[in-house]
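J.: Got a structure for you, written out below as structure tokens; questions coming shortly.
The values are calculated or read from the model by the stated rules, or taken from the named source; none is laboratory data. In this text the structure is predicted, and so the values were computed from the model without any measurement. FYI the Cβ positions are ideal-geometry reconstructions off the backbone, even for glycines, and counts take in every protein chain you see. Ligands, DNA and RNA are excluded from the accessible area calculation, which covers all protein heavy atoms including side chains. Shrake-Rupley method; radii C 1.70, N 1.55, O 1.52, S 1.80 Å.
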Amino acid sequence: MADRVTVIGWDGSPLTAAARSALSAATLVAGAAHHLALPEVPKGAERIRLGSVDLAARRIAGHRGSAVVLADGDPGFFGVVRTLRAPEHGLEVEVVPAVSSVATAFARAGMPWDDAQIVVAHRRTLRRAVNVCRAHPKVAVLTSPGAGPAELALLLEGVHRTFVICEELGTDREQVTVLTSDKAADHAWRDPNVVIVIGGAATAAVQGGGWIAGREPGYPPAVRGWALPSDSYGELYGEGLGEGESVQLRAAQLARLGPRIGDLVWDIGSGSGALAVEAARFGAAVIAVDADADACARTEATARHAGAQLQVVQGRAPHVLERLPEPDVVRIGGGGVPVVTACADRRPQRIVTHASTRDEAEAIGAALAAGGYEVECALLQSVEMDTTAWAERERSVVFLLSGRRVESAP
């Protein structure tokens, strides 16, 4: 029985001596149709059209002879190597890598990519991949059938981006197309393809680039910490933070929301934009909603000052929420039971809000529970001190409510 498999990466360039040697000795070769058609594949070798890697691994493990798997690009980068190395297959894996399709795509575009986010989009992860494109200025998307450039563009509706679409890299049919995201849905694109998604807030360049992969130059921001006081954002707030935007309440709300990369956060009643910006600093995509035009302008100014990417939508909840994409977590800054109910109907994982009175807290808690959420409520009291005189400066009391979706709820 085979206990060893050689995985060969293919990027369209001539195979290396090591790859040719492994192929010449192979009695079983697995790969896509264009791999199996390579002249170096022995005519007498058993050929497996690679669909399910798990199934191919079982076939390889039961094969008497030398097995080779051919894969596009670097097979150790979002490729077949991880599956083949699973303990249940008992295979020893040797890898002959090639240039990854992501590296090739950025080379075709003439762009650096150490500051890019890289995501895999298939039907199950497409929405989260789109959220990363919303939240970050440079993203490479490894697409799949049904989760390609057109689907990315449709889900990015309302967010302007530039697409660099690289089709069939390394083949005679290779093509690179640059267009705006609103045009991508009008075309039929060939698989396989890689999409570089560019746009959004510009970040100040750093001499010599960054120091950590996957972060734009200048990240993290110079200001350390989160749930920052208003003076951390400069002179943007005018009259200061609004009701429900205190540092202590914001910190508690962010802790319960837990925004993370791949999430979409709704911040309803964004006010100054402080919470929306700080959710974006965790890597999440954010849509900030407010009925007041001045509040929307303040949120946009706060985002520019912080170098954060987010989308601002002016409109009154709950009606404006009907046209927004599905959220993962929601923070409600105002609107009471009708807005809470409308958000619960969209089934986000977490809903966080606050109330000024116990009666209001009970009503909101009942609405969350009716929507299938496990409810937590805490009475938060904070006292801001003037440390020059150690005297009380400001006191605030508020009910913090959070709802966690119960998976078994209808």
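J.: Restricting the search to the range 64-89, which residues are crowded, with 17+ Cβ neighbours inside 10 Å and more than 27 Å from the chain's Cα centre (by Cα)?
T.: 66, 67, 68, 69, 70, 89
J.: Related question: Run residue 284 past the list (1) more than 21 Å from residue 398 (Cβ to Cβ); (2) without any contact (Cβ under 8 Å) to a residue 12 or more places away in the chain; (3) not aromatic (Phe, Trp, Tyr) and report the number of the one that doesn't hold.
T.: (2)
J.: Using beta carbons and a limit of 8 Å, which pairs, at least six apart or on different chains, have the first residue in the range 323-335 and touching a residue at least 24 places away in the same chain (Cβ under 8 Å) and closer than 9 Å to residue 257 by Cβ and the second one basic (Lys, Arg) and surrounded by fewer than 18 Cβ atoms within 10 Å (Cβ to Cβ)?
T.: Going by the 8 Å Cβ cut-off, the qualifying pairs are 330/346.
J.: Next up: Taking the range 281-295 as the search range and keeping residues that are among the hydrophobic types (A, V, I, L, M, F, W, C) and modelled with pLDDT of 95 or more, which one is farthest from residue 348 (Cα to Cα)?
T.: Within the range 281-295, the match that is farthest from residue 348 (Cα to Cα) is 293.
J.: Going through the range 11-31 one residue at a time, which ones are touching a residue at least 24 places away in the same chain (Cβ under 8 Å), among the hydrophobic types (A, V, I, L, M, F, W, C) and open to solvent by 30 Å² or more (accessible area, probe 1.4 Å)?
T.: If the condition is that a residue be touching a residue at least 24 places away in the same chain (Cβ under 8 Å), among the hydrophobic types (A, V, I, L, M, F, W, C) and open to solvent by 30 Å² or more (accessible area, probe 1.4 Å), then 18, 25 are the ones that fit.
J.: Out of all the residues in the range 191-199, is one or more at pLDDT below 95, outside any strand (DSSP E or B) and surrounded by 14 or more Cβ atoms within 10 Å (Cβ to Cβ)?
T.: Yes, the range 191-199 has at least one match.
J.: If we keep just the residues of the range 42-58 that are in contact (Cβ under 8 Å) with a residue 24 or more places away in the chain and surrounded by fewer than 16 Cβ atoms within 10 Å (Cβ to Cβ), which is nearest to residue 3 (Cα to Cα)?
T.: Residue satisfying both the conditions and the ranking: 58.
J.: Sticking with this structure for a sec: Filter the range 51-79 down to the residues that are closer than 20 Å to residue 24 by Cβ and in contact with a His (Cβ under 8 Å, 6 or more places away or on another chain), then identify the one that is modelled with the lowest pLDDT.
T.: 60
J.: Please go through the range 255-274 and pick out each residue that is assigned to a helix (DSSP H, G or I) and either open to solvent by 10 Å² or more (accessible area, probe 1.4 Å) or modelled with pLDDT of 95 or more (or both).
T.: Once the filter is applied, which keeps residues that are assigned to a helix (DSSP H, G or I) and either open to solvent by 10 Å² or more (accessible area, probe 1.4 Å) or modelled with pLDDT of 95 or more (or both), the range 255-274 yields 255, 256, 257.
J.: What residue, among those in the range 1-17 that are hydrophobic (A, V, I, L, M, F, W, C) and over 24 Å from residue 172 (Cα atoms), is farthest from the chain's Cα centre (by Cα)?
T.: 1
J.: Could you say whether any residue in the range 162-179 is within 15 Å of the chain's Cα centre (by Cα) and at pLDDT below 95?
T.: No, the range 162-179 contains no residue that is within 15 Å of the chain's Cα centre (by Cα) and at pLDDT below 95.
J.: I've got another one for you. Of everything in the range 336-362, what is within 13 Å of residue 399 (Cα to Cα) and either free of Cβ contacts under 8 Å to residues at least 12 places away in the same chain or of a type in the set (Ser, Thr, Tyr) (or both)? Give them in sequence order.
T.: Within the range 336-362, 353, 356, 357, 359, 362 meet the criteria.
J.: Hey, does the range 363-370 have a residue that's out of contact with any helix residue (DSSP H, G or I) (no Cβ under 6 Å at 6 or more places or on another chain), in contact (Cβ under 8 Å) with a residue 60 or more places away in the chain and more than 18 Å from residue 256 (Cα to Cα)?
T.: no
J.: Out of the range 112-161, which residues are farther than 18 Å from residue 198 by Cβ and touching a Gly at 6+ places or on another chain (Cβ under 6 Å)?
T.: The answer is 123, 128.
J.: Would you confirm, using the coordinates I've provided, whether residue 38 is under 25 Å from residue 174 (Cβ atoms), under 37 Å from the mean Cα position of the chain (by Cα) and among the aliphatic types (A, V, I, L, M)?
T.: Yes: the conditions hold for residue 38.
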